[in-house]
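A.B. asks: For reference, the structure I am asking about is given below.
What follows draws every value from the coordinates through simple rules; no lab data is involved. All values reported here derive from a predicted model rather than from experimental measurement. All Cβ positions, even for glycine, are placed from backbone atoms using ideal geometry, and neighbour counts span all protein chains on display.
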Amino acid sequence: MAESWWLYMIECRGGGIYTGIAKDVQARYEQHAKGKGAKYTKMNPPIRLLGQVEFLSHKEAASEEWKIKRLTRAEKLNLLSSLYHTDSDEGSLLRIPNGT
């Protein structure tokens, strides 16, 4: 059985939203936070993980990543809103219980 891939979105310093894929989102986030991730997150360190979505293959995750990276910040936020709801007490985005 193939291991799942995750597409994730990170809010970065300066207001940007970084999108990436990984098998282990927490480990990848830690790389970004230490400046050992992507060039973008070296220059714009992560503030928080906004969300993540599971895919059954690398191909599916990479295809969605490519599409999302072409969206504007506003479009990315709208996409996140459709997948998650905001917890106003903590200001974080939480997964909607849908089995994924």
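A.B. asks: Over the stretch 5-95, what relative contact order in percent results from Cα pairs under 8 Å that are six or more residues apart? Don't skip to the answer; put the middle values down first.
C.D. replies: Numbers: 134 pairs, mean separation 27.8, N = 91.
It rounds to 31 percent for the stretch 5-95.
A.B. asks: While we're here: Within the stretch 1-72, how many lysine pairs that are 8 or more places apart, or on different chains, have C-alpha atoms less than 16 Å apart?
C.D. replies: Working: Lys23/Lys59; Lys34/Lys42; Lys39/Lys69; Lys59/Lys67; Lys59/Lys69.
The number of close lysine pairs in the stretch 1-72 is 5.
A.B. asks: OK, next. Hey, can you grab everything whose amide H is under 5 Å from the amide H of Phe55? Only 5+ residues off in sequence or another chain; H modelled, so Pro and N-termini drop out.
C.D. replies: Result for Phe55 returns Trp5, Trp6, Leu7.
A.B. asks: From the residues Thr41, Val25, Cys12, which one has its Cα farthest along the dipole of the stretch 5-95 in the positive direction, the dipole being from +1 and -1 charges on Cβ of Lys/Arg and Asp/Glu about the Cα centre?
C.D. replies: Result: Thr41.
A.B. asks: Rounded to two decimals, what is Rg over Rh for the stretch 5-95 when you use alpha-carbon atoms and the Kirkwood radius? Intermediate results must be reported in sequence, preceding the final value.
C.D. replies: Working: Rg = 12.4 Å, Rh = 13.3 Å.
When Rh is taken as the Kirkwood radius, the ratio is 0.94.
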